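Laboratory data are not the source of any read-out in this text; all were calculated from the coordinates shown. Just so we're clear, the structure is a prediction, and the values are computed from it rather than from any experiment.
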Amino acid sequence: MLRRRPRSSATIAALLAALGVGRAQTGPSNAQAALGTPTGSAASRNRHLPMGVPASLCLHGHVAPTILLVGAQKCGSSSLWFDLVTQVEGTLKARPTPGLEPGYFVKEQHFFDQDERFRQGMAFYVSHYPTCTRGARARYAIDATPEYLYFPGMAARVHAAYIGHRRALRVIVIVRNPTDRVLSWYGHIGAWRGHGNLSLDEFVHVSLRELRACAASHGLTTESDELWASPCRRLHPPLYDALTGGLYAPQIAEWLRWFPASQLALVTFGGYIKRTGEVLHDLAAFIGQGRRSGAPAVHARAQAGASKPGARQRQRLAAAHKNSWSMGQAVFNVTVRAALTKFYWPHVDSLIALLHRPVAEHMFSTPFSPASALTARGLIDGTM
């Protein structure tokens, strides 16, 4: 039976015990307090962090995921996940079932997006994470499944599943120039699924053509946010969702429908790469923990400097984080890049407009703040 907390009634404590639910202390952790907040950091400028939430969440005897790194896919989420689990104190990754689940389930559990897993319930979900330990320091489990951002309906499922514990959640979204995202998609996911003998340039031309045709058949334009939740979201093989995955505005808006903006953090790929240490420090504050003492930032290229040791370090880090399915570096020709940029520009504008709406006013952001400070040009050229 759970130990009664000073501010909890015996009835509530007994009920929580019956449900297999336990909570650690509320408020900032000791690690966070010791870390402090760097002057001028996004953490110091984001003034609407949710306060008084559980430092750890225990469900069915396990530390339940409270950090959801939901994507976007091919925007650096895998590297960011690696940095978070290795450098933010108390962050816990999943433990795939040996022989039954693939190794990458250590990062992404696919609980909410796969019906057969979702039907097994929260006890099944949290069983993939470490057991709760009485008196342990605050710990935060992380699930970095990118489909949670891309698939419609995921935010609603999370909202329902975490009833009574929603305030404990921290949702992180990382975005990048959507044109560059297509390049990464082609080199990784496309290589895995098969390109249908289409070169990179041919792939983009065919994708744009088919998406325009699909949009027209459903009374939509290619500038419409409604593309994301329409049948055009996923085209036929080998095109799939290469283009619509970069329509960030409706995907983020879906989460803002179900959760307060203060529980969402927006990160840009360009900012993460250029100012890794600051981004991780800010996210540690957002989560409620501190950076691991002395741990270097995996992508701190600026910190590595221009020296020969720094260059070797960057090469080593790049190799360590290269996707196993990557085909190597590919480039668009000028015409294809221009066509993709033209397609995405109104959707980038839509994201910027969303960040200026009241619903997103208190969204956490890093390495810039407030979230509404992000500009279309800054996202496109990677300077923010």
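Let me know the Rg and Dmax you get for the range 124-178 when you use only its Cα atoms, in Å.
Just the Cα atoms of the range 124-178 yield Rg and Dmax of 13.8, 45 Å.
Can you list residues from other chains, or at least 5 along the same chain, whose modelled amide H is less than 5 Å from the amide H of residue 91?
HN-HN under 5 Å from residue 91: 140.
Using the Kirkwood radius over Cα pairs, work out the Stokes-Einstein diffusion coefficient for the range 93-192 at 4 °C and 1.567 mPa s, in µm²/s as a whole number. Kindly include the intermediate steps, with their values, before the conclusion.
On the way: Rh = 15.6 Å.
My calculation gives 83 µm²/s for D.
Just to check, using Stokes-Einstein with a Kirkwood Rh over alpha carbon pairs, what's the diffusion coefficient of the range 139-281 at 25 °C and 0.890 mPa s in µm²/s?
On the way: Rh = 16.9 Å.
Result for D is 146 µm²/s.
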